[in-house]
Amino acid sequence: MSVTTEPANLTNAAIADYAQRIGEHHAIYSGGRADLERLIGELGGQWDYGDGPESTIVYEPGKFTIFLPHFTSRSRDRFTMAHELGHYFLHYLYSQSTGAKIFNRGSRNRAETEANVFASALLMPADDFKRVWQRLESDEWEVANHFGVSPAAANVRAQVLGLQ
Ligand SMILES: [Zn+2]
């Protein structure tokens, strides 16, 4: 098993589009916040708390476990789940991997950035985010609460979408 994750080499826009299409396909936005537990379950995955930093073990397509660290916030857990799903889609399914593969918390490389771009778009789909950002008058705390993310994550999304 390789230690360094190979990037998918897609543009950020393509990754964001991919993430949103997955979310819409699995109807995870019907309740407002992205329902990540539902998505993980529909994909055949599981999640659990584990010792150490976050990681994901993919056993085969449609069978994986995401491990979250203890003692973090709910919004942090949600971003981590979405990030790990990014690894599953971009660096396992899209790259047509087979067999077992482990994703550990990586250093600052392109694959990690790709997983973050995926997570951000999955949790905060562009059109919905723009609407909510306007309605809540650019209040990053309220917007963050709406999407179940941290204010910092909401801020980054607003910048990427050119809202501030
Ligand atoms: Zn990662």
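The values are calculated or read from the model by the stated rules, or taken from the named source; none is laboratory data. If you're wondering where the values come from, they're calculated on a predicted model, not measured in any experiment. Here the Cβ positions follow ideal geometry from the backbone for every residue, glycine too, while neighbour counts run over all protein chains shown.
Figures for the structure shown
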quantity	calculated
In the stretch 65-79, the residues that are crowded, with 16+ Cβ neighbours inside 10 Å and over 15 Å from the mean Cα position of the chain (by Cα)	69
Hits in the stretch 1-27 (condition: under 22 Å from residue 147 (Cα atoms), touching a residue at least 60 places away in the same chain (Cβ under 8 Å) and touching a helix residue (DSSP H, G or I) at 6+ places or on another chain (Cβ under 9 Å))	12, 15, 16, 17, 18, 19, 20, 22, 23
Residue in the stretch 125-132 that is within 11 Å of the ligand (Cβ to nearest atom), modelled with pLDDT of 95 or more and surrounded by 15 or more Cβ atoms within 10 Å (Cβ to Cβ) present	no
Of all residues making up the stretch 73-107, the number that are β-branched (Val, Ile, Thr) and touching a residue at least 40 places away in the same chain (Cβ under 8 Å)	1
The stretch 80-101, subset over 19 Å from residue 21 (Cβ atoms) and away from the ligand (no atom under 11 Å from the Cβ), residue surrounded by the most Cβ atoms within 10 Å (Cβ to Cβ)	101
Verdict on residue 107 being over 20 Å from residue 53 (Cβ atoms) and either within 11 Å of the ligand (Cβ to nearest atom) or assigned by TED's automatic domain parsing to the domain that holds residue 24 (or both)	no
Residues being closer than 29 Å to residue 142 by Cβ, surrounded by fewer than 12 Cβ atoms within 10 Å (Cβ to Cβ) and within 16 Å of the ligand (Cβ to nearest atom) - total across the stretch 12-55	0
Top-ranked residue of the stretch 102-122 - restricted to ones that are assigned to a loop (DSSP other than H, G, I, E, B) and in contact with an Asp or Glu (Cβ under 9 Å, 6 or more places away or on another chain), ranked as surrounded by the fewest Cβ atoms within 10 Å (Cβ to Cβ)	105
Residue match in the stretch 121-139 (condition: hydroxyl-bearing (Ser, Thr, Tyr) and assigned by TED's automatic domain parsing to the domain that holds residue 22)	no
